[in-house]
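A short write-up of the structure that comes next.
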Amino acid sequence: MQAVLLGPPGAGKGTQAERLCQAHSLLHLSTGDLLRGAVTAGTDLGVEAKGFMDRGELVPDSLVLALLEERLAKKTSDEGFLLDGFPRNVSQAEALAAKIGDDTIDHVVYLKLDDDQILQRLLKRGRKDDTEEVILNRLSVYRAETEPLVAYYRERGLIRDVDALGTVEEVHKRLLDSITTGGAASC
């Protein structure tokens, strides 16, 4: 299985990514983890990324793709993977398809949650940066930049809609069911 995990802030992507990777023995590819690991290891790509990160700039897509490609080259041939945090927009998805092959991704799981539920969930976390204003801004950015990926992958027949409302276990079961049956899973 080669999968991408999508969803708005607060949908539980990190939790579900971890559980899905354990359940299917998948390589968890978080771009943030890859970047931090390359910087810590002092690789050529890590040194290049560190310059952008130290200046507070976004690491260019080409560099993130190079890190992903490098890590994918190290996996065993039968090992699946889950992309978490990449792609974040359609242009990144197109660049990813060009880099690793248009038919490499076989599942895109979309954790669905409405804005009121997201707001309630994130406000309950109690983090300093989880104010209503900040959350609404993050949702606005998500809707403008990342949500178009749902249509992009839906056109390719890859989207698996999963209702993200419920306990971690309920959502995980729906997620596994959606992958097994190849369709949407809701409450």
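The values are calculated or read from the model by the stated rules, or taken from the named source; none is laboratory data. Worth saying up front: this structure is predicted, and the values here are computed from it rather than measured. Glycine gets a Cβ as well: all are built from the backbone with ideal geometry, and neighbour counts include every protein chain shown. Keep in mind that these areas ignore ligands, DNA and RNA; they rest on the heavy atoms of the full protein, side chains included. Shrake-Rupley method; radii C 1.70, N 1.55, O 1.52, S 1.80 Å.
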Rounded to a whole number, the Stokes-Einstein D of segment 128-187 in µm²/s (Kirkwood radius over Cα pairs; 20 °C; 1.002 mPa s) is 161
Work from the charge dipole of segment 72-169 (Cβ charges, +1 for Lys and Arg, -1 for Asp and Glu, about the Cα centre) and give the residue of Y142, L165, Y152 farthest towards its positive end.
Y142
For segment 12-74, with +1 on Lys and Arg beta carbons and -1 on Asp and Glu, the positive-most of M53, T15, L63 along the dipole
T15
The chain, dipole about Cα centre (Lys/Arg Cβ +1, Asp/Glu Cβ -1), debye to the nearest 20:
380
Would you calculate a helix-derived [θ] at 222 nm for the chain, using -39,500 (n - 2.57) for each DSSP H run of n ≥ 4 and dividing by the full residue count, to the nearest 500?
-16500 deg cm²/dmol
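How big is the Cα convex hull of segment 1-108 in projection, averaged over all directions, in nm²?
Over every viewing direction, the Cα hull of segment 1-108 projects on average to 7.0 nm².
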Let me spell out the model: positive unit charges on the Cβ of Lys and Arg, negative unit charges on the Cβ of Asp and Glu, origin at the Cα centre of segment 140-179. What dipole size does that give, in debye rounded to 20?
120
The convex hull of the Cα atoms of segment 71-179, divided by residue count, gives a volume in Å³ per residue of 135
Using a 1.4 Å probe on the protein heavy atoms only, what accessible surface does L136 show? Give it in Å² to the nearest 10.
90
Would you pull out the residues with amide H under 5 Å of D161's amide H, same chain only if 5 or more places away, H placed 1.01 Å from N?
Y110, A184, A185
What does the convex hull of the alpha-carbon atoms of segment 28-89 project to on average, in nm²?
4.3
Can you send over the carbon and sulfur percentage of the accessible area for segment 1-119, probe radius 1.4 Å, protein chains only?
47
Among K173, K128, K50, determine the one that fluctuates most according to a GNM of the chain built with springs between C-alpha atoms less than 10 Å apart.
K128
Could you run the Karplus curve 6.51 cos²θ - 1.76 cosθ + 1.60 with θ = phi - 60° over segment 123-140 and give me ³J(HN,Hα) per residue in whole Hz, x for Gly and Pro?
5, 5, 5, x, 6, 4, 8, 9, 8, 4, 4, 5, 4, 5, 5, 4, 5, 4
Among Q92, L119, T131, which residue has its Cα furthest toward the positive end of the charge dipole of segment 79-131, with +1 on Lys/Arg Cβ and -1 on Asp/Glu Cβ?
T131
Once the Cα gyration tensor of the chain is diagonalised, what are the square roots of 5 times its eigenvalues, in whole Å and ordered largest first, as equivalent ellipsoid semi-axes?
26, 22, 15
